[in-house]
Amino acid sequence: CRKVVMTPEEVRQFRGSGESSILEKMVENYLAYYLVNEKLGGAVLYDPVAMSIGINPLYATAQEDYHVQVETKGSLTRGMAVADLRPFSPSQPTARVCIDIDVESIKNDLYATLLEKSKIYKEYKK
């Protein structure tokens, strides 16, 4: 997910779309946090990426099976999904994990939807 970053320039492309002020207000603090603390040049779009892959699994360009558990007790990883990446893990895989994505397609389709220009959005509005 950290590959899909919405930059301030990309937020500005929504100006004049009718949705711009809503979008800018929604991401203003989120974007500021990432620019200051993460130094990624923009905000990571975790939920939109997960949603996009749920809608179109072809966005996931590489997947692997891993044993994954959610850590509920640890102080460093509490609430995180932890995958056993050992090549010869004694644990059976519990999840198919997306390890690479088509960043350009996700961003293009997501932004088109936000700008109400996508086929999916037009079908939904019917």
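Just so you know, all these numbers are worked out from the coordinates, no wet-lab data involved. Owing to the predicted nature of the structure, the values given are computational and were not obtained by experimental measurement. Heads up, the Cβs are rebuilt from the backbone with ideal geometry, glycines too, and the neighbour counts pull from every protein chain shown.
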Flagged pairs (Cβ under 6 angstrom, 6 or more apart or on separate chains; first in region 88-100, over 20 Å from G54 (Cβ atoms); second surrounded by 13 or more Cβ atoms within 10 Å (Cβ to Cβ) and of a type outside the set (A, V, I, L, M)) are S89/H67; S91/H67; S91/D84
Exercise. Is it fair to say R86 is of a type outside the set (F, W, Y) and either under 24 Å from K107 (Cβ atoms) or under 18 Å from the mean Cα position of the chain (by Cα) (or both)?
Worked result: no
